[in-house]
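The values are calculated or read from the model by the stated rules, or taken from the named source; none is laboratory data. None of the values given here were measured: they were computed from a predicted structure. With ideal geometry, Cβ positions are generated from the backbone for all residues, glycine too; neighbour counts draw on all protein chains shown. All accessible areas refer to the heavy atoms of the entire protein, side chains included, with ligands and DNA or RNA removed. Shrake-Rupley method; radii C 1.70, N 1.55, O 1.52, S 1.80 Å.
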Amino acid sequence: MGIPEQRTPSDPLANQSSGGGLDGHSGSADGPADQNSREAWFERSRLVVTPVAAPSILGLFGFAGATFMVASLLAGWWGSPLVAAPVLAPFVFFFGGLAQLLAGMWAYKARDGVATAMHGTWGAFWLAWGALVWAVSVGALPVTALVSQAFGFWFIVLALVTLFGALASLGENLGMFTVLGLLTAGSVLLAIGFIGGYTGAVTAGGWVLVASAAAAFYTAGAMMMAGSFRGRTILPLGRYSTAANIPGRRAIAPIGYPEGLPGARVGQ
């Protein structure tokens, strides 16, 4: 006769053959849960968590700063786009581009798909915009490249990606939806303006993007203050919980193992 197979308590499959499992039911109807039950596994679990600040705080501030300056220029608030663009390019490249792209990558750690996609997309856009302005300033491309039809096609792609981000952000809060909804509308207007040669559409798109930048400043500030005040609401973000929108109330629930994936809260 052979030696019967032995299973240790560390084997999660051990009690599947005895009628137990990971659903909390033991092999015996009368006895306590065995060592392989769901409750026992929870009790034995240990987790080391590396906390991260909300990446969207940096990402939204970077987006808001770059967008406000360039959009206000397109809206005709000041200066000539062809003259001012080289001056704005370094700030936009690093703050709106590099810093926001890094925030998008850090959003992976927070498991926030919306932030990853939006900061990654717009961070890459501002890096590309800075590179385009640099190419124009050194004479590698004509000055008209900044207002060409080809440049307008950039905003078709941006509008489509941002539209999906806006719809997805409805699952989080209305603050982020406002930022991305205005950003989508502004991108559509800029695409129409540059491709069709409609100056009025470009100006209108600049105004809408300024509004998006203002919403981004507010949202980033609200997230930063909530983090500083240990999760208490200071500026409401339009969450789907009435209590979470009352200043002074705690909007962020403590991390808890039974709530979902072990020890880590999905999102920011």
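A few comments on the model shown:
Condition check ((1) of a type in the set (Phe, Trp, Tyr); (2) in contact (Cβ under 8 Å) with a residue 24 or more places away in the chain; (3) open to solvent by less than 70 Å² (accessible area, probe 1.4 Å)) across all residues:
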residue: Val92; (1), (2), (3): no, yes, yes
residue: Phe95; (1), (2), (3): yes, yes, yes
residue: Ala99; (1), (2), (3): no, yes, yes
residue: Gly113; (1), (2), (3): no, yes, yes
residue: Ala128; (1), (2), (3): no, yes, yes
residue: Val147; (1), (2), (3): no, yes, no
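- Taken over region 63-105, residues that are part of a helix (DSSP H, G or I), among the small types (Gly, Ala, Ser) and over 17 Å from Ala216 (Cα atoms) amount to 3.
- All conditions but one from (1) touching a Leu at 6+ places or on another chain (Cβ under 9 Å); (2) under 30 Å from Arg230 (Cβ atoms) apply to Gly104; the one that does not is (1).
- Selection status of Thr184, hydroxyl-bearing (Ser, Thr, Tyr), under 21 Å from Val92 (Cα atoms), open to solvent by less than 40 Å² (accessible area, probe 1.4 Å) and free of Cβ contacts under 8 Å to residues at least 60 places away in the same chain: yes
- The residues of region 141-180 that are part of a loop (DSSP other than H, G, I, E, B) and over 16 Å from the mean Cα position of the chain (by Cα), listed by number, are Leu141, Pro142, Ser148.
- All positions within region 58-77 that are farther than 15 Å from Gly206 by Cβ and surrounded by 24 or more Cβ atoms within 10 Å (Cβ to Cβ): Gly59, Leu60, Gly62, Phe63
Yes/no matrix, rows are residues, columns are (1) of a type outside the set (A, V, I, L, M); (2) under 24 Å from Ala53 (Cα atoms):
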site: Lys109; (1), (2): yes, yes
site: Gly113; (1), (2): yes, yes
site: Ala117; (1), (2): no, yes
site: Gly123; (1), (2): yes, yes
site: Ser148; (1), (2): yes, no
site: Gly152; (1), (2): yes, no
site: Phe164; (1), (2): yes, no
site: Gly171; (1), (2): yes, yes
site: Phe177; (1), (2): yes, yes
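- Residue count, region 210-244 (criterion: part of a helix (DSSP H, G or I), more than 19 Å from Gly171 (Cα to Cα) and more than 18 Å from the chain's Cα centre (by Cα)): 3
- Scanning region 223-246 for residues that are of a type in the set (A, V, I, L, M, F, W, C), open to solvent by less than 50 Å² (accessible area, probe 1.4 Å) and modelled with pLDDT of 80 or more yields a total of 3.
- Only one of Gly79, Gly139, Gly152, Gly104 that is closer than 22 Å to Val188 by Cα and not charged (D, E, K, R): Gly152
- Of all residues in region 130-143, those satisfying the criterion of being surrounded by fewer than 17 Cβ atoms within 10 Å (Cβ to Cβ) and either in contact with a Leu (Cβ under 9 Å, 6 or more places away or on another chain) or hydrophobic (A, V, I, L, M, F, W, C) (or both) are Ala131, Trp134, Ala135, Val138, Ala140, Leu141, Val143.
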